[in-house]
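The values are calculated or read from the model by the stated rules, or taken from the named source; none is laboratory data. What you see is a predicted model; the values in this text were computed from it and never measured. We place every Cβ from the backbone using ideal geometry, glycine too, and count neighbours over all the protein chains shown.
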Amino acid sequence: MKIQPECIPCLMRRCLYEIELVSKDASFSKEVLIKAMETLLQEFDPDKCSATIATKVHKVVYDGLGVKDPYRDVKRRSNEVALSLISKIEERVKRAKDPLKSAIISAIIGNILDFGIEGGSRDPDDLVKAFDSYFEEGLGYSDYDIFKKILSNAKKALFVADNCGEIVFDRILCREIKRFNPNVKLILVVRGEPILSDATREDAERLRFEEVVDGILDTGTFAVGLDLDNIPENLQKNLREADIIICKGMANYEVFSELNYRPIAYLLRTKCTAVARSMGLKTGINVLKIYL
């Protein structure tokens, strides 16, 4: 997805959020934010991917803060809150006529754990408050039948994770994918370095993903979604070989919509107008959309 006008204030709002996670010193915050704005001005190009520009801006902020993972406490808390809902979700999946679909909806709801942006969460506890009502909404856009057909015949599937918190629900979904098609080789992909509230290999290992997937890869670098110019060779190989790529969240949409890997299934909540418009969908809905 190319950068959109509303991405600019959104990106600055996110930068300010992560600055304030580290420091309440107004003069210091102003200095780092000015560097972020200068970088955005230098990098802005309407023909560039929004995530590519965001990566460079966030790198300046992280370097200015001198902190490798400003979201560390938020990520930890997000996982804790998500884990507190596991019993509820497991019961819903167990009782569902279609456990896979129930797991998909639950995993999409976890995507609301996105901080410092309009339409995201103010606090990890927002997930507890919103879960039941968002679950009852079901899928606002659904290519579920196509998804099942592709998945039932797939020999290899890649599951590209997004945020902490929601990755707890992704584990249940990965398990249900393997139950739906025990023959599929399912590979989890996480971020190569801490960025925003996204899940890394550390999170996947702590949640024992090796019990529900056949392998774990990472994106290799500091990048929002994926660095389009520096995709690890092994990841490229697996993306080419996959019979289906399952992408969680808006950042992954922003990146993978710039690539030609197909078929690809996006599982997300349309939290912003830019992504919703790019996908031809309404804002504020749970989405499973396939691109063939």
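Of all residues in the stretch 206-248, those satisfying the criterion of being β-branched (V, I, T) and over 19 Å from F180 (Cβ atoms) are I216, T219, T221, V224, I231. With respect to the conditions (1) assigned to a loop (DSSP other than H, G, I, E, B); (2) of a type outside the set (A, V, I, L, M); (3) within 26 Å of T283 (Cα to Cα), P194 falls short on a single one, namely (3).
For the stretch 230-246, a residue qualifies if it is free of Cβ contacts under 8 Å to residues at least 60 places away in the same chain and either buried (at least 17 other Cβ atoms within 10 Å of the Cβ) or in contact with a Ser or Thr (Cβ under 9 Å, 6 or more places away or on another chain) (or both), and the qualifying residues are N230, I231, P232, L235. Set side by side, the residues F131, F135 differ, and just one is part of a helix (DSSP H, G or I), farther than 20 Å from K282 by Cβ, assigned by TED's automatic domain parsing to the domain that holds V275 and of a type in the set (F, W, Y), which is F131. Condition (residue is in contact with a Cys (Cβ under 9 Å, 6 or more places away or on another chain), part of a strand (DSSP E or B) and in the same structural domain as I112 (by TED's automatic domain parsing)) applied to the stretch 220-233: is it met by at least one residue? Among the residues of the stretch 220-233, not one is in contact with a Cys (Cβ under 9 Å, 6 or more places away or on another chain), part of a strand (DSSP E or B) and in the same structural domain as I112 (by TED's automatic domain parsing), which makes the answer no. The residue of the stretch 165-205 that is surrounded by the fewest Cβ atoms within 10 Å (Cβ to Cβ), among those that are within 20 Å of I89 (Cα to Cα) and in contact with a Pro (Cβ under 9 Å, 6 or more places away or on another chain), is R179.
Of the residues making up the stretch 87-103, just one is over 13 Å from D170 (Cα atoms) and among the hydroxyl-bearing types (S, T, Y), namely S87.
Do we find a residue being under 16 Å from A223 (Cα atoms), in contact with an Asp or Glu (Cβ under 8 Å, 6 or more places away or on another chain), buried (at least 16 other Cβ atoms within 10 Å of the Cβ) and among the aliphatic types (A, V, I, L, M) anywhere in the stretch 65-77? Checked the stretch 65-77: no residue is under 16 Å from A223 (Cα atoms), in contact with an Asp or Glu (Cβ under 8 Å, 6 or more places away or on another chain), buried (at least 16 other Cβ atoms within 10 Å of the Cβ) and among the aliphatic types (A, V, I, L, M).
Among the numbered conditions (1) farther than 20 Å from P99 by Cβ; (2) of a type outside the set (F, W, Y); (3) within 10 Å of the chain's Cα centre (by Cα), the only one that I167 does not meet is (1). Taking residues in the stretch 68-84 that are over 16 Å from L127 (Cβ atoms), and partners anywhere that are in a helix (DSSP H, G or I) and β-branched (V, I, T), the pairs with Cβ atoms closer than 9 Å and at least 6 places apart or on different chains are P70/I19; P70/V22; P70/V61. Of the listed requirements (1) without any contact (Cβ under 8 Å) to a residue 40 or more places away in the chain; (2) aliphatic (A, V, I, L, M); (3) surrounded by fewer than 22 Cβ atoms within 10 Å (Cβ to Cβ); (4) more than 16 Å from S50 (Cα to Cα), A276 misses just one: (4).
Summed over the stretch 37-54, the residues that are over 13 Å from C7 (Cα atoms) and in contact (Cβ under 8 Å) with a residue 60 or more places away in the chain give a count of 0. Would you please name the residue that is farthest from I167 (Cα to Cα), looking only at residues in the stretch 239-252 that are in a helix (DSSP H, G or I) and touching a strand residue (DSSP E or B) at 6+ places or on another chain (Cβ under 6 Å)? Taking the candidates together, the pick is E241.
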